[in-house]
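See structure below.
The values are calculated or read from the model by the stated rules, or taken from the named source; none is laboratory data. Source: prediction; values computed, not measured. We place every Cβ from the backbone using ideal geometry, glycine too, and count neighbours over all the protein chains shown. Only protein heavy atoms, including side chains, enter the accessible area calculation; ligands, DNA and RNA are left aside. Shrake-Rupley method; radii C 1.70, N 1.55, O 1.52, S 1.80 Å.
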Amino acid sequence: AASTGGRYSVITKGALTNAIACSNSGGYWGAELKFAGWDMVIIEGKSPKPVYITIIDDKCEIHDAQDIWGTSVWHMDEWIKTKYQDPMMHIAGIGIAGEKQVLYAAVVNDLHRAAGRSGVGAVMGSKNLKAIAVRGTNGVKVKDGKAFLKATADGKKVLQANAVTGQGLPAYGTQVLMNVINEA
């Protein structure tokens, strides 16, 4: 319910710069991870073969990704949802650019969202990790639901009143921020 509350971040050593890389994305993947009861996932090392990970509530498993390696994120997303018979599963993964470790490859989630800065998709590819598919059914407990909803409603009013967050972002997406960022 909170604006930007469903975002997630990918933090790694950057493929492009070898510096700390941080990229984030909206959509539903981040919220789904929290609904499954997880605050973060840490990936260490490299798999000897292509794999994908499923997180279904408190159960985390690593699976062979041979059938989806070399495919687009659209094919991968459909394949995983069909395999698990769960259209509510949310998937963050890489396409062929990430697999080939293109230095500016993104991690794509929910088909239309991307953690697209700093080559974080190339890092997933370097680990032979095609995707992380998440399904959470636990929800999130809030101590004072009424106070939370009031605070989010008040925050949304402030965002809607601003020209950038109220009109620009909904109409043009994050590209509208280029002028704001370049003026700094």
Leading residue by the ranking (modelled with the highest pLDDT) among those in segment 1-18 that are assigned to a loop (DSSP other than H, G, I, E, B), on the phi < 0 side of the Ramachandran plot and open to solvent by 90 Å² or more (accessible area, probe 1.4 Å): R7
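Conditions (1) within 21 Å of the chain's Cα centre (by Cα); (2) within 27 Å of D58 (Cβ to Cβ), marked per residue:
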{"site": "A115", "(1), (2)": "yes, yes"}
{"site": "S126", "(1), (2)": "yes, no"}
{"site": "V134", "(1), (2)": "yes, yes"}
{"site": "G145", "(1), (2)": "no, yes"}
{"site": "K157", "(1), (2)": "no, no"}
{"site": "Q160", "(1), (2)": "no, no"}
{"site": "A163", "(1), (2)": "no, no"}
{"site": "G173", "(1), (2)": "yes, no"}
{"site": "I181", "(1), (2)": "no, no"}
Long-range neighbours under 8 Å by Cβ, at least six apart or interchain, first residue over 18 Å from I42 (Cβ atoms) and touching a residue at least 40 places away in the same chain (Cβ under 8 Å) within segment 122-143, second assigned to a strand (DSSP E or B) and of a type outside the set (A, V, I, L, M): R135/T54; R135/H90
Residue among Q101, Q85, Q66 that alone is touching a helix residue (DSSP H, G or I) at 6+ places or on another chain (Cβ under 7 Å) and open to solvent by 20 Å² or more (accessible area, probe 1.4 Å): Q101
Enumeration of residues in segment 127-139 that are surrounded by 12 or more Cβ atoms within 10 Å (Cβ to Cβ) and on the phi < 0 side of the Ramachandran plot: K127, L129, K130, A131, I132, A133, V134, R135, G136, N138
